[in-house]
Structures are given as structure tokens and as C-alpha cells.
Amino acid sequence: MAAATEARINDRIRAREVLLIGENGEQLGVRPLPQALQTAREQDLDLVEVAPNANPPVCRIMDYRRYQYEQQQKRKESRRRATNVVIKEMKFRPKISGHDYETKMKNVERFLADGNKVKLTIMFRGREMAHPELGLKILNRIAEQVADIAVVESAPRQDGRNMTMVLHPVKKQQPSGGRSREHASSPSESGPSNSGPSNTGPANSGPPNTGPTNSAGSPAPADATGAR
């Protein structure tokens, strides 16, 4: 099976002419196969048929053993990541109390922050089965609450007495970090600049000390706290 999928290299290539790609990815044009082989040998490299179904077939000059090793490492890494995916489960009741909800949500957010998927399960009992909208309301609320760190991978669905939904973690958005960096860097930027609006000490202008006028720069901290 492995031999069937293995690329043809060097003398195993059967095409009369090939579209030759250099080691660094540059196109060298259509070449007769013997000339392409000679070019590869002059560089002490292999000629590998990377697109056998193209017309003409595409061959690339490369170190084939190194290429095989890199591909093998990529497959191992892919399998490792696949096996490391963990699905955590958090169970809720349709009429969960506010305190229990907040406690469970802290765990859900922690699971997502650790890179784990989270399966949310709403458990119905007795007459609660007649009100699936209660479970759907909770799941939608959770999805909105964690929208910045997760996406819905599996939409809510009823499964017997349970309603389930799966969340998939995503990378945290950068804007918040970017804003904090801007705030952190703004004082240093205002220092060396010649602009006067800064309230830094080195300013020699006297007029700002005269007059009881309210400074326009002071409302900035109020806006920062109010944004919350």
C-alpha cells in the first residue's frame, strides 16, 4: 500500500518531458526528462514527481529523504494533536440556580481556555421534558457568554432526556491586548514627541498653570472605567 502512494523519483519517472520546479520553488520550465534528471544530479539532489496527473507531469528537485522525514514528522504531529483533543462535559438542569450556573460556567471557561472541547448537557426529568425551550435557552445563553473564546461546533439537539451542544475553543481575540499595549505605550510616545497636549513634567509652558479651567485630558480615565 505504501509503495502504491509513494511518489516516483529519478529513474522511476516515466514521462518524456516534465515541468521542472527548482529546489527553492522556482519554475524552470518544461524540460526533457533526461535534462531534468541531469539538473537534479548536478545539485546532488533527487527529481521527484509531485504532480503525476498534470500535463506535463510536474517534477521538483529536492532531497527526497529529507522530504520523506519531514512528511513523516508532520503526520506524527497531526496524529498527536488528534489524540490530545479532550472533550469535557458539563451538565446543567433546566431550572438551575444562579449560583450553580456561575460555578459551572467558571469550569466551562477554564476547559475552553485549556484548549478542550466542551459538551454541554441539559438533563430533563419528568414533566421538564415538556419544556425543551428551557434547555435551549440555557445553551444559547452559554454560547453568547463564551462567544469570545469558543464557537458552537455542534448545534443544540435533543437526545432522549438530554439536550446537548458542543463548544470548540478558539484563540482569544487580539483587540483587547492591542488596546492595552496602546495604553502602555502612549506615555512613552508622548514623552519624546514635541506635541504639547501631554501633561508630562518636562513641558516648560506656563499658561496651563494659569486659570481654573477644567483640563480636557482628565475625562479619559472616566471613559475607561465607564466602558465597562
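Run down the lysines and flag those whose C-alpha is under 30 Å from the C-alpha of K171, throwing out any fewer than 8 positions away in its chain.
K74, K76, K88, K91, K104, K106, K117, K119, K137
Throw me the Rg/Rh for the stretch 2-78, computed over C-alpha atoms with Kirkwood Rh, two decimals. Before the final figure, lay out the partial values.
On the way: Rg = 12.4 Å, Rh = 12.7 Å.
For the stretch 2-78, the value is 0.98.
With 5 Å bins from zero, work out the P(r) of the stretch 87-169 over every alpha carbon pair and list the percent per bin.
Calculated P(r), rounded to whole percents: 3, 16, 30, 26, 17, 7, 2, 0.
At 7 Å along Cα-to-Cβ for each site, give me the label-to-label distance between I149 and E6 in nm.
4.8 nm
What translational diffusion coefficient, in µm²/s and rounded to a whole number, does the Stokes-Einstein relation yield for the stretch 41-122 at 10 °C and a viscosity of 1.306 mPa s, taking the hydrodynamic radius as the Kirkwood radius over Cα pairs? Numbers along the way, then the final one.
Details: Rh = 17.4 Å.
Result for D is 91 µm²/s.
List residues of the stretch 39-56, by number, whose backbone nitrogen lies under 16 Å from a label position 7 Å along Cα→C-beta of Y69.
Once the point is set 7 Å along Cα→Cβ of Y69, 45-46 turn out to lie under 16 Å by backbone N, inside the stretch 39-56.
Please give, to one decimal in nm, the separation of the simple spin-label points placed at V86 and D114, each 7 Å out from Cα toward the Cβ.
0.4 nm
For the stretch 1-153, state the semi-axes of the equivalent ellipsoid (square roots of 5 times the eigenvalues of the alpha-carbon gyration tensor), sorted largest first and rounded to whole angstrom. Before the final figure, lay out each step's value.
Working: eigenvalues 691, 48, 37 Å².
Output for the stretch 1-153: semi-axes of 59, 15, 14 Å.
If the chain between K106 and N53 were fully stretched, how many nm would it gain, using 0.36 nm times the residue separation less the Cα-Cα distance?
13.7 nm
Taking 0.36 nm per residue of sequence separation and subtracting the Cα-Cα distance, how much length would be gained by fully extending the chain between K95 and Q38, in nm to one decimal? Intermediate values should be presented prior to the final figure.
Working: separation 57, 0.36 × 57 = 20.52 nm, distance 7.59 nm.
Answer, rounded to one decimal: 12.9 nm.
Coordinate-derived values only; no laboratory data. Predicted, not measured: the structure shown is a model, and the values here were computed from it. Backbone-built Cβ (ideal geometry, glycine too); neighbour counts: all protein chains shown.
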